[in-house]
1. Taking Rh as the Kirkwood radius computed over C-alpha pairs, what is the Stokes-Einstein D of segment A:1-66 at 37 °C in a medium of viscosity 0.692 mPa s, expressed in µm² per second?
2. Need one number: nm distance between label points at A:ASN67 and A:ALA18, each 7 Å from Cα along Cα→Cβ, rounded to one decimal.
3. How shielded is A:108-117 by partner chains, expressed as the average number of their Cβ atoms within 10 Å of its Cβ atoms?
4. Add +1 for every Lys or Arg and -1 for every Asp or Glu among the other residues with Cβ under 14 Å from the Cβ of B:VAL116, and state the total.
5. Mind checking A:64-73 for the average number of partner chain beta-carbons within 10 Å of each residue's beta-carbon?
6. Give me Rg/Rg_expected for chain B, where Rg uses Cα atoms only and Rg_expected = 2.2 N^0.38 Å with N residues.
7. Using just the C-alpha positions of segment A:1-110 as equal point scatterers, what log10 of I(q)/I(0) does the Debye formula give at each q in 0.18, 0.19, 0.21 1/Å?
8. Remind me, relative contact order of chain A in percent, using alpha carbon pairs under 8 angstrom and six or more residues apart?
Amino acid sequence: AQKITQTQPGMFVQEKEAVTLDCTYDTSDQSYGLFWYKQPSSGEMIFLIYQGSYDEQNATEGRYSLNFQKARKSANLVISASQLGDSAMYFCAMRESPYNQGGKLIFGQGTELSVKP
Amino acid sequence: DTEVTQTPKHLVMGMTNKKSLKCEQHMGHRAMYWYKQKAKKPPELMFVYSYEKLSINESVPSRFSPECPNSSLLNLHLHALQPEDSALYLCASSQDLSGTGRTEAFFGQGTRLTVV
């Protein structure tokens, strides 16, 4: 069964500094997608970045980049130049192929990031 | 337009009440989801609809009844809930389930449900 692990329940970062949020995953499937979501206190889950298992380059979206190490099964999120508005819960998620698990999107436990001024 | 709209935003209901949560998207997505989320926990998948047919039911109690009237709408009917069902209920949609390409799910703001 697929599994997502986020080992950092909470993290602090100084404003304008970079921060890395860890995510490891376990799957027997060769084809899968990895996603990061941000959830502010308002509750909405906001999609940040996507990495496909066959993508050779690390994904980037503005200040967000994904450090994808396939052999280690890790997909860490890097946020550069942190802003106060980045304070939120961050979830790593994975979707396997629809032929295995029906294409379900499964989430890790989350990391609560607090940005200090 | 990348919006998923959920109504109501807040709901308080008694254990004998019947209520419904509504979700709407106009992105042409053919997969829609219900998730349940407790405070400080990840969302837990409840149901998945693919092309308006129920494709996944994660062994959810029958007091939760999903319905997909058309490709844009998803309902969750609630009946005889328990206080432990109090949670944030999130609806999401994605293009489809046909692959693991960039089929990210877009989420609504959720309905905060309190069962008294």
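1. On the way: Rh = 13.9 Å.
Once the numbers are plugged in, D ends up at 237 µm²/s.
2. 0.8 nm
3. Details: counts 1, 3, 4, 0, 1, 0, 0, 0, 0, 0.
The shielding value for this peptide is 1.
4. Values: positive: B:LYS19, B:ARG112; negative: B:GLU84, B:ASP85.
Local charge sum for B:VAL116: 0.
5. Numbers: counts 0, 0, 0, 0, 0, 0, 0, 0, 0, 0.
Averaged over the peptide's residues, the number is 0.
6. Details: Rg = 13.5 Å, N = 116, 2.2 N^0.38 = 13.4 Å.
Chain B yields a ratio of 1.01.
7. Listed by q, the Debye log ratios stand at -0.86, -0.96, -1.15.
8. Relative CO of chain A lands at 37 percent.
The values are calculated or read from the model by the stated rules, or taken from the named source; none is laboratory data. Just so it is clear, the structure is predicted and the values come from calculations on it, not from any experiment. Backbone-built Cβ (ideal geometry, glycine too); neighbour counts: all protein chains shown. Heavy atoms of the whole protein, side chains included, go into the accessibility calculation; ligands, DNA and RNA do not. Shrake-Rupley method; radii C 1.70, N 1.55, O 1.52, S 1.80 Å.
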